[in-house]
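Encoded as structure tokens, the structure appears first; notes follow it.
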Amino acid sequence: MSIVTVQLGQCGNQIGREVFNAICSDVHGTHGLCSKKENESYHDACKERFFIEAESGVPVARAVLVDMEPKVISQTLSIAAKSGYWKYDDHSHFCQKQGSGNNWANGYTVHGPRHKEVIMNLVQKEAEKCDRLGGFFTIMSMAGGTGSGLGAFVTQCLRDAFPSSFILNHVIWPYGTGEVIVQNYNSVLTLSHLYQSSDALLVHENDVIHKICAQLMHMKQISFKDVNQVIAHQLGSVFQPTYTAEDGLHYSRNPLGDLMETLVPHPEFKMLGLRNIPQMPENSLAYSTFSWPGLIKHLRQMLIANAKMEEGIDWQVQPPRPGSSIPSSHSTNKLLHFNTSIANLVILRGKDTHSADLGSFRDPSLYTSWLNPQDAFGAWKTPRAFNKYEKSASLVSNSQFLLKPLDNVVRKAWNMFASKAYVHQYTKYGIEEEDFLDSFTALEQVISSYTIL
């Protein structure tokens, strides 16, 4: 099954390009470390998923590019074409001359309805090119105007036009220090609207990725391109082909459906976080060796201690022992530290994955009590290595990973809203105070549900 990617706004288009780049360099690399037959079936599965075979021989990305300013899209198209490995369709993009000015309401109530027909026609054409449509993967930022406002509107349109297709929204969480004065308003409005129409939200936090660039990749001057490449690598580690069943006979045909089935057992819980190890500069790879027990041990501790990366993990945090009644003095401690999960998916890529023991992720104490741990954990594997890493492991988790950042964003937005700061910029485009209050209420409910796990 094929996935149609919808790239929205400056951030969505720049990350989308890096994702296709990462997928292509993985496919063309000589580092598969597996049999020729294995490599060929991996190639075929990847191409069906993300690309259309063009007559020219250069694969064309299954993607629609949308922005309200032309500059980023023209750059994105030309950089992709110059790579020689892949390109975008010349007719699958839409842009205007004027942006949304970081105003969510402008994107959602003005640009969205005005350009709905053209954008949805492009999406429809892309969907019709798929032999079997697996669903949509949208990439957008929460902070600006086009990606967030128009992105929320387009996601709603996708849900209306394709009621039975899977929709996964990849959302970039803004820097906590602030890129845009109204970013918390934009974030609250985006998240509350996406929660109504999306099947799941896969979130990357800019602050976390920035830290990975500095501390793990040892970069000195970190650019958005560096940040986007780390994000793209992590996304590729999830979406490149894997075997989802133990028999390992066929690569998964329906990655979005398999992801939702494993990770989203209830519509109240849709927030997915992603961790990937190891991550290091390319020139360090030759001097590094990794074992599955070591990688799995680190990944599990990153999960339960809510660590953002493999450096600085708090090894003191442990899951509560079954049957032990936690004294009240410790219960607040548990809330502060132990990260309760609803569902987890571990993806292993590289040699000897069959020997990797993932039993520690099936521990019932990691999960909320209302789900059977057998249903709450999934494992995907492939003997083919990913992007130069002999062995790599990814974790996609529906847990309390995002509770703190979500709580912070809602609190900051509410503090501004209480003094009516900048609200007039939204009301002039038709987003009223009632709409803000509805959004706050919806997200308070999400926070409450994740808190009591």
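The values are calculated or read from the model by the stated rules, or taken from the named source; none is laboratory data. A quick note: this is a predicted structure, and the numbers were derived from the prediction, not measured. A quick note on method: Cβ atoms are made from the backbone with ideal geometry, for glycine too, and the neighbour counts reach across all protein chains shown. The accessibility values were calculated without ligands, DNA or RNA, using every heavy atom of the protein model including side chains. Shrake-Rupley method; radii C 1.70, N 1.55, O 1.52, S 1.80 Å.
Data overview
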| quantity | calculated |
| --- | --- |
| For Q229: the one exception among (1) open to solvent by less than 40 Å² (accessible area, probe 1.4 Å); (2) of a type outside the set (D, E); (3) assigned to a helix (DSSP H, G or I) | (1) |
| Test result for A161, surrounded by fewer than 21 Cβ atoms within 10 Å (Cβ to Cβ), closer than 28 Å to L122 by Cβ, of a type in the set (A, V, I, L, M) and out of contact with any Phe, Trp or Tyr (no Cβ under 8 Å at 6 or more places or on another chain) | yes |
| Search result, residues across region 194-223 that are assigned to a helix (DSSP H, G or I) and over 17 Å from the mean Cα position of the chain (by Cα) | Q196, K211, C213, A214, Q215 |
| Matching entry among G107, G144, G99 (being at pLDDT below 95 and in a helix (DSSP H, G or I)) | G107 |
| Condition broken by E69, with the remaining ones in (1) touching a residue at least 40 places away in the same chain (Cβ under 8 Å); (2) out of contact with any helix residue (DSSP H, G or I) (no Cβ under 8 Å at 6 or more places or on another chain); (3) among the acidic types (D, E) satisfied | (2) |
| Of all residues in region 27-77 being within 20 Å of L256 (Cα to Cα) and acidic (D, E), the one that is most open to solvent (accessible area, probe 1.4 Å) | D44 |
| Test set (1) free of Cβ contacts under 8 Å to residues at least 24 places away in the same chain; (2) closer than 30 Å to N39 by Cα - F377 fails condition number | (1) |
| Residue in region 409-421 that is nearest to N206 (Cα to Cα), counting only those that are under 30 Å from the mean Cα position of the chain (by Cα) and not charged (D, E, K, R) | V409 |
| Count of residues meeting criterion [open to solvent by 20 Å² or more (accessible area, probe 1.4 Å) and of a type in the set (A, V, I, L, M, F, W, C)] in region 361-376 | 2 |
| Among (1) open to solvent by 50 Å² or more (accessible area, probe 1.4 Å); (2) in a helix (DSSP H, G or I), the one test that D90 misses | (2) |
| Enumeration of residues in region 164-192 that are farther than 14 Å from C11 by Cβ and open to solvent by 10 Å² or more (accessible area, probe 1.4 Å) | S164, S165, F166, G176, T177, G178, I181, N184 |
| Enumeration of residues in region 339-355 that are surrounded by 19 or more Cβ atoms within 10 Å (Cβ to Cβ) and not charged (D, E, K, R) | N339, T340, S341, I342, A343, N344, L345, V346, I347, L348, G350, T353 |
| Some residue of region 129-144 being under 25 Å from the mean Cα position of the chain (by Cα) and on the phi > 0 side of the Ramachandran plot | yes |
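Conditions tested, residue by residue: (1) open to solvent by less than 20 Å² (accessible area, probe 1.4 Å); (2) farther than 22 Å from Q374 by Cβ.
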{"site": "H250", "(1), (2)": "no, yes"}
{"site": "G257", "(1), (2)": "yes, no"}
{"site": "M260", "(1), (2)": "yes, no"}
{"site": "P265", "(1), (2)": "no, no"}
{"site": "E268", "(1), (2)": "no, no"}
{"site": "L272", "(1), (2)": "yes, no"}
{"site": "L285", "(1), (2)": "no, yes"}
{"site": "F290", "(1), (2)": "no, yes"}
